[in-house]
């Protein structure tokens, strides 16, 4: 009996797998062998401008040959020439539902329905016929054209046009061809029907356009969603002139790292070891200032000041004060501010928490003060929005803990829709700067190009650590100084909602800074060998238990220095392949 049961279960499993393989989207001629089956209940076959649905008995009569659908005793309307593909249906199988935003509405639509009615736009019913038990419905393209964007999990975007409506260039927007669907089907994160006219992947071109008219101040408000801004303005949480405001789309996933990269690269999402806006400006000889928070994930050559503090509000206030001081003395061609506080508070208190809203009012006030001093264009941009969560069951694939009140990273309007706000500064200082069209073209062509790799010095390897205090350097090597890093430490983080625990040998950073007045330290910046930078405050040094440890380097499979902030909840500020620590 048990043996028979096992055979039955195995047969059932094989049948389910077979069913699923035969209920799918196929492309002609590549998948034409999958088209012939005696277990299909109905089929949807489409060309560029025409489609037919067929249902009934004996569909195995249908075949694909010589670029045509044919078969014995089938209705003439089913004999399609040059078919592009087909969708196969089984009674016991339905297509996966795909997240879809229609204008502002969040929906989930089965993939086959999404393809038929929106991506192919084959929704105009033209008639039906029947022959030998096969029922036929004929569909043509609707005269009303549906605009859409398809977002893949890796940040790529495909659209119903190969150009955006505003003709703004991007390195990340491709024309969607239905023949690509079988290749990208499993990577589709979501589809936006009637999307905004501009996206985060087109912001770099806006930077260059505005710099051709004068100096530019960019305020990057991390975590500012369109929905939040709109509600704040309509409820008069903030008051005053908004200027030119556009809704824009975020790339997927709507998270900081991928969209920050896109904003400074012309749309590219992977810019490690590639030129970005800042490195290109540096090569062309255009001055800029970047005011950052506590972490930089890609190289910014010089001209960057990092800020860290015990609270998100204090950290961003430091950025505002630095910007105000710079503007009072000098208008650089590009001043780029990255405020992190809104995103931090969204997570901790939710996008509509009292502390989040009060901070947003302060952020708006800082913008007004900077606008009063700045002479030139101003642009407020964002990377993603956020949504409230009520309990742990609603946490998305990334975040985080029971204490979290807000999150982002889902394909929904609140996360994917962001604002772009363009205003003119009200300052009266005359600034003689305009980026030339030749310089703009040179910078654009450089974006995403590989950075020349310079061979590292022997001492410039993950086994060496430099600590710089008062312009004096101390060097530590694993081979020579491993006895210093002998204490046992434990870490306990949450990474994408999953506990990350372990132990390592190391030494507290504070013990490597002997001989200096610790109270005089304002900031500590740690650099990795891949040019990531992370800033820590004096409070971090005194209270956060910063530990320099020895951990195997995953790439080189040998020990390397690593910096752990052990009191952090999440591993965002761990510095792997630690190269240098500067103490200010």
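A few comments on the model shown:
- Taking every DSSP helix (H) stretch of at least 4 residues in the chain, weighting each as -39,500 (n - 2.57) and dividing the sum by the residue count yields a mean residue ellipticity at 222 nm of -6500 deg cm²/dmol.
- Alpha-carbon Debye profile of the stretch 513-553, log10 I(q)/I(0) at 0.21 Å⁻¹: -0.81
- Nitroxide proxy distance, nm - points 7 Å out along Cα→Cβ at residue 146 and residue 508: 6.2
- Put in order of Cβ neighbour count within 10 Å, fewest first, the listed residues 517, 492, 568 become 517, 492, 568.
- Across the chain, the mean sequence separation of Cα contacts (distance under 8 Å, 6 or more residues apart), normalised by length, yields a relative contact order of 12 percent.
- Taking 0.36 nm per residue of separation and subtracting the current Cα-Cα distance, fully stretching the chain between residue 58 and residue 237 would add 57.9 nm.
- Efficiency of FRET between residue 297 and residue 128 - r from beta-carbon atoms, R0 56 angstrom, step 0.05: 0.50
- In nm, spacing of pseudo-spin labels at residue 179 and residue 194 (7 Å Cα→C-beta vector): 3.3
- The convex hull defined by the C-alpha atoms of the stretch 213-428 has an orientation-averaged projected area of 11.8 nm².
- The stretch 464-583 shape via C-alpha gyration tensor axes, a/c threshold 1.5: oblate
- Rg ratio (alpha-carbon, reference 2.2 N^0.38 Å) - the stretch 274-380: 1.13
- Least to most buried among 147, 261 (fewest other Cβ within 10 Å first): 147, 261
- Ranked 383, 410, 270, criterion: other C-beta atoms within 10 Å, fewest first: 270, 410, 383
- A straight line joining the Cα centroids of the stretch 203-220 and the stretch 68-118 runs 44 Å.
- Among beta bridges that DSSP assigns inside the chain, antiparallel share in %, nearest 5: 75
- Relative contact order (%) - the stretch 213-428, alpha-carbon pairs under 8 angstrom, separation at least six: 36
- Considering every alpha-carbon pair of the chain, the percent of pairs per 20 Å bin, from zero through the bin containing the longest distance, is 18, 43, 29, 10, 1.
Just so you know, all these numbers are worked out from the coordinates, no wet-lab data involved. Everything numeric in this text was worked out from a predicted model, so none of it was measured. All Cβ positions, glycine included, derive from the backbone under ideal geometry; neighbour counts span all protein chains shown.
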